[in-house]
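Just below is one structure, and these are the notes that go with it.
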Amino acid sequence: MPDRREDDTAEPQDPPSKSARKRQMLSLQAMGESLLSLNDNQLSQIPIDERLLSALRECRQIRSNSARKRHLQLIGKIMRNVDPDPIEHALEALHNTQQESTAAFHQLEQLREEILAAGVQGAELAMTHFPEADRQQLRQIILQHNREVQGSKPPSASRKLFRYLKELQQAYGDPDGAGG
């Protein structure tokens, strides 16, 4: 007899309330909006079906605000038939990748500023982070930067140093490992 009660209580589940359905619909629309903000390369990394992809592409071309809102509702409706979990996980992974990329960019900017602030000794600072770096090239860039600062010229050496540090980071990895 107790087994029957467990079965009875498990079967009659109430359908979700109107408010719960609306919250779910709005969350799917919000996910659709976040998909709209992605470029084609990023969208290709998200597991979505062709119908949803076509609706997203159509929505990008709509300029009228009210028509865009209606199309977002359509995207939400399409997404009701799709499992949102894989899309959510892929969006989260993409967001984390972007955050890591931004953090690495800021870290390189900070290292560049430290190197330039140290003057000629900055080449040694760069060598502690990237032992594979060309010391002579670093010194030349730093000296060029000093001449630009004294002559009130545009900071082309600063940009050149950043590009060089970025090349080193891509070739040999983050400067974190060497005490950055």
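Consider region 14-39 and keep the residues that are of a type outside the set (A, V, I, L, M) and either on the phi > 0 side of the Ramachandran plot or not in a helix (DSSP H, G or I) (or both). The one that is modelled with the lowest pLDDT is Asp14.
Looking for something more than 16 Å from Met25 (Cβ to Cβ), part of a helix (DSSP H, G or I) and touching a residue at least 40 places away in the same chain (Cβ under 8 Å) - is there at least one such residue anywhere in region 77-90? Within region 77-90, one or more residues are more than 16 Å from Met25 (Cβ to Cβ), part of a helix (DSSP H, G or I) and touching a residue at least 40 places away in the same chain (Cβ under 8 Å). Total residues in region 110-136 satisfying the condition of being part of a helix (DSSP H, G or I) and either touching a helix residue (DSSP H, G or I) at 6+ places or on another chain (Cβ under 7 Å) or crowded, with 16+ Cβ neighbours inside 10 Å (or both): the figure is 15.
The values are calculated or read from the model by the stated rules, or taken from the named source; none is laboratory data. Computed from a prediction, not measured in an experiment: that's the story for all the values here. Backbone-built Cβ (ideal geometry, glycine too); neighbour counts: all protein chains shown.
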